[in-house]
Amino acid sequence: MAAKRSNRPARAPTRLTLRAYQVGFGDCFLLTWQYSRTQRHVLIDFGSNGQPTTAPKNLLNAIADDIRKQCGGKLDAIVLTHRHKDHITGFTTQKDGSGPGDVIRALGPDVVVQPWTEDPNAKTDATEATTDGIDGKSFVSMLSAMHTVSAGVVAEAGRLAATETAPWRRQMFQGLTFLGEEGILNRSAVENLMAMGKAGTATYVRHGQKSGLEKVLPGVGITVLGPPTLKQSSAIKKERTADATEFWMLRAAAGERMAAGGEPPFPAAATLSSRRPPPYARWFVPRVRSIRAEGLLSIVRIMDDAMNNTSVILLFEVGDSMFLFPGDAQIENWQYTLDQPELMRKLANVTFYKVGHHGSRNATPKTLWFGFTHRGPANKPGRLRTVVSTMADKYGSLAEGTEVPRRTLVTELQKNSDFFTTQSLGGNKLSQDFEFEL
């Protein structure tokens with residue numbers, strides 16, 4: 001890679017090993033910073049929502065064991081960008097202590113970084129958890145209510161799929177289940193991270209705040225670019241193309257009724273089985289089921305976007321090397337940074353980019369991408385390195401141009417950067433290492 005830089009601080013690391021783990025659809029990156037006499041290890045996310053068929057049976061446990069080996073039994077810091085399943089399941093614990101999260105906890109991280117929306121005190125902290133104007137209900141409280149709604153959506157999708165015969169509608173239900181599962185609370189993982197973050201090691205970050213990683217990474221400049229708070233930017237609670245207040249009007253109580261199976265709208269009316277409807281109603285049943293599924297799908301897409309927009313965005317700097325990790329941040333999260341010329345001038349010099357949201361179209365803003373001065377043809381000196389952790393055919397629709405990873409984005413990444421995807425590992429190799437001289 002690049003030669004050593006003369007403007008590097010005396011105590012700065014001289015080398016970085018970046019390890020991208022094959023978790024399927026998810027993220028897991030281990031950064032090993034090499035100093036003159038020691039190493040410092042930072043784990044960024046650890047989760048999966050879909051694994052290669054050839055992956056080991058207990059893939060997350062295998063990865064946790066490898067992280068322990070690579071760290072020599074000591075992990076210096078954890079960054080959880082946000083609490084979606086594909087970023088958090090590796091922190092899951094088991095009662096018998098055999099979960100991957102049990103292995104990670106035993107590594108004794110000194111710092112645990114999460115977005116401000118995960119702060120246990122955020123629900124009552126008016127400076128952070130600003131109300132969204134709908135009956136005084138806080139944004140953070142509504143994020144919490146997502147889990148109940150998501151559980152109900154998954155249960156409903158299962159009921160709809162059980163009797164479905166049309167392939168295209170079954171595919172719709174599968175997509176509905178995938179998105180619903182993303183938003184279900186993994187309580188053991190959340191509580192595990194909270195426990196690891198006790199005794200003053202927890203940092204719940206927002207745009208412009210100190211990350212907390214400074215204490216374990218001397219000589220590394222760290223900028224927190226996201227998420228903004230609602231006071232900084234209310235856009236994180238909305239979709240770009242439509243106001244999402246229809247979701248925010250869903251109360252936790254409504255979600256609880258959904259999870260419990262709901263109540264019939266006309267309890268005194270006679271009912272017919274959808275499995276064996278009378279001839280005159282057979283045309284009507286699949287149409288109602290499609291409308292129901294499409295309505296639920298729109299809800300979980302809004303929830304998915306909202307949670308992605310709480311992602312931590314971190315920029316690491318050593319000398320002339322810059323490493324950008326945006327989690328699953330989408331345009332609404334990014335916009336607060338994109339509107340600040342000074343930060344955009346800094347981001348222009350990024351030398352490594354962890355591709356956002358597994359390669360979705362809404363997570364790599366064109367303003368950001370075309371602003372990277374190190375992007376360019378294969379013969380460009382100091383060419384930009386890009387890495388995406390992803391799995392095809394799990395999210396989005398090719399017909400609608402929403403597939404993940406987005407083909408047009410991948411083509412651009414391949415053309416103008418040294419591009420790598422974890423899909424190339426198949427399921428037989430746990431990780432890929434990248435070495436950077438600093």
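Brief remarks follow.
- M172 falls short of the stated requirement of being at pLDDT 65 or above, hydrophobic (A, V, I, L, M, F, W, C) and part of a helix (DSSP H, G or I).
- Single match in K429, K415 (criterion: at pLDDT below 95 and not in a strand (DSSP E or B)): K429
- Strands (runs of 3 or more DSSP E) fully within the range 1-107 that include at least 2 residues being touching a residue at least 24 places away in the same chain (Cβ under 8 Å) and closer than 19 Å to M194 by Cβ: 39-46, 77-79.
- Members of the range 414-431 that are within 23 Å of the chain's Cα centre (by Cα), more than 22 Å from E317 (Cα to Cα) and in contact (Cβ under 8 Å) with a residue 12 or more places away in the chain: T421, T422, Q423, L425, G426, G427, K429, L430, S431
- Residue match in the range 51-68 (condition: acidic (D, E) and crowded, with 20+ Cβ neighbours inside 10 Å): no
Listed here are the residues, each with its yes/no results for (1) at pLDDT 85 or above; (2) not in a helix (DSSP H, G or I).
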{"residue": "L176", "(1), (2)": "no, no"}
{"residue": "L179", "(1), (2)": "no, no"}
{"residue": "N192", "(1), (2)": "yes, no"}
{"residue": "A195", "(1), (2)": "yes, no"}
{"residue": "A199", "(1), (2)": "no, yes"}
{"residue": "Y204", "(1), (2)": "yes, yes"}
{"residue": "Q209", "(1), (2)": "yes, yes"}
{"residue": "E214", "(1), (2)": "yes, no"}
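- Y21 falls short on exactly one of the conditions (1) of a type in the set (S, T, Y); (2) modelled with pLDDT under 95; (3) under 19 Å from the mean Cα position of the chain (by Cα), and that condition is (2).
- Tally, over the range 84-103, of residues that are in contact with a helix residue (DSSP H, G or I) (Cβ under 8 Å, 6 or more places away or on another chain) and farther than 15 Å from N58 by Cα: 4
- Lone unmet requirement of (1) in contact (Cβ under 8 Å) with a residue 12 or more places away in the chain; (2) surrounded by fewer than 19 Cβ atoms within 10 Å (Cβ to Cβ); (3) within 25 Å of L16 (Cα to Cα); (4) among the hydroxyl-bearing types (S, T, Y) for T402: (3)
- Counting only residues that are surrounded by fewer than 22 Cβ atoms within 10 Å (Cβ to Cβ), assigned to a loop (DSSP other than H, G, I, E, B) and in contact (Cβ under 8 Å) with a residue 12 or more places away in the chain, the range 331-350 holds 2 of them.
- For the range 351-367, filtering for residues that are part of a helix (DSSP H, G or I) and either of a type outside the set (D, E, K, R) or touching a helix residue (DSSP H, G or I) at 6+ places or on another chain (Cβ under 6 Å) (or both) leaves 5.
The values are calculated or read from the model by the stated rules, or taken from the named source; none is laboratory data. These numbers were taken from a predicted model, which means no experiment stands behind them. Methodologically, a virtual Cβ is constructed for each residue, glycine included, from the backbone with ideal geometry; neighbour enumeration extends over all protein chains shown.
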